[in-house]
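Input: a single structure, listed below in structure tokens.
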Amino acid sequence: MRIAFLSDIHGNATALEAVFRDINQHQVDRICVLGDLCFRGPEPKRVLDMIRSLDADVIKGNADEWVVRGIQQGEVPDEALEIMGKEREWTLNRLSEDDLAYLRDLPTELVVNDLDLIVHAFHATPTSLFEPVLPDQTERIEETIMSRDEADLYVYGHIHQPFIRSMHGKNIVNTGSVGMPFDGHPLASYLLVEIEEGRHRLHLNRVPYNREHVVELYKQSGYPNIETMSRVIFYGVKP
């Protein structure tokens, strides 16, 4: 059994296509998408169409919630609120009411129970779409990420920083980001879990894609925050 976990696509259809090609080469049995599907990228509609065409498990991220109901003060730095509001309006103009209903109705967590391995997956934490939990925050990982005791493996996204940790005989994995890595390594990131006879192997895969093309798509589409988002895509850094 092979399961692919991917997260934080952020409207980057070019990166998503590259990840799908890589997943197909590994003959994956199941795909789980952990949110942040379309906001802040140049092709929100195409990403949603690609995701919705899959036989995949999909859950909601904070950026999906933002598309549906807007960005509230305190959820982003005050100086970013106006420009991100403009980015949201740009995104809304490219989505249908059916797309918005799809995002609105997504669940917020996922439990996978295959071949004696229980995986608890979510976007940020089991109780929050917004709370960042970093790899060196041991106590917060124990208190938030590892809240479901029966799970063997905990998988999440949100922070755009892939990592694997083992604690108390269990594994905690962040998938990293398909569309916008923040770890200075701009290749798309996703997690491949291989399960066989009670054992499991974890692979954080990094996949190259045409970043120059994505930057050009921002420019051609008249995206309202081109300079910042182009830098994020090209260098793999935070906005």
Quiz item: Measuring from centroid to centroid over Cα atoms, what is the spacing of the range 142-184 and the range 19-36 in Å?
Solution: 17 Å
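State the extension gain, in nm to one decimal, for the chain segment bounded by ARG201 and ARG140, taking 0.36 nm per residue of separation less the distance between their alpha-carbons.
On the way: separation 61, 0.36 × 61 = 21.96 nm, distance 2.47 nm.
In short, 19.5 nm is gained.
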Quiz item: What percentage of the solvent-accessible surface of the chain, computed with a 1.4 Å probe over protein heavy atoms, is contributed by carbon and sulfur atoms?
Solution: 45 percent
Quiz item: Amide H of TYR190: which non-local residues (sequence gap of 5 or more, or other chain) have their own amide H closer than 5 Å, using H built in the peptide plane?
Solution: ASN205
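How much accessible area per residue does the chain have, in Å², with a 1.4 Å probe?
Values: 10410 Å² over 239 residues.
Normalised by residue count, the accessible surface of the chain is 44 Å².
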Quiz prompt | In sequence order, calculated HN-Hα J values of the range 66-75 (Karplus, 6.51, -1.76, 1.60; Hz; x Gly/Pro) | solution = 4, 4, 6, 10, x, 9, 9, 4, x, 7
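Remind me, relative contact order of the chain in percent, using alpha carbon pairs under 8 angstrom and six or more residues apart?
Values: 512 pairs, mean separation 54.7, N = 239.
It comes to 23 percent, rounded to a whole number.
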Quiz item: Which whole-number percent gives the relative contact order of the range 105-213, counting Cα pairs below 8 Å spaced six or more residues apart?
Solution: 18 percent
Quiz item: For LEU187, what charge total do you get from the other residues with a beta carbon under 12 Å from its beta carbon, if Lys and Arg give +1 and Asp and Glu give -1?
Solution: 0
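For GLU194, GLU82, GLU216, GLU87, what's the largest-to-smallest order of accessible area, 1.4 Å probe?
On the way: GLU194 30, GLU82 135, GLU216 80, GLU87 0 Å².
Sorted by accessible area, descending: GLU82, GLU216, GLU194, GLU87.
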Quiz prompt | Accessible-area value, LEU187, 1.4 Å probe, nucleic acids and ligands omitted, Å² | solution = 40 Å²
Quiz item: Hey, what number do you get for the chain at 222 nm if only DSSP H runs of n ≥ 4 count, each worth -39500 (n - 2.57), divided across all residues, to the nearest 500?
Solution: -9500 deg cm²/dmol
Quiz prompt | For the range 68-136: span of alpha carbons on each principal axis (Å, largest first) | solution = 47, 36, 15
Self-check item: When the range 1-151 is reduced to its Cα atoms, the Kirkwood hydrodynamic radius in Å
Solution: 16.5 Å
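The values are calculated or read from the model by the stated rules, or taken from the named source; none is laboratory data. Values in this document were obtained by computation on a predicted structure and should not be read as measured data. Neighbour counts run over all protein chains shown; Cβ positions are idealised from the backbone, glycine included. Side chains included, ligands, DNA and RNA excluded: accessible areas come from the protein's heavy atoms. Shrake-Rupley method; radii C 1.70, N 1.55, O 1.52, S 1.80 Å.
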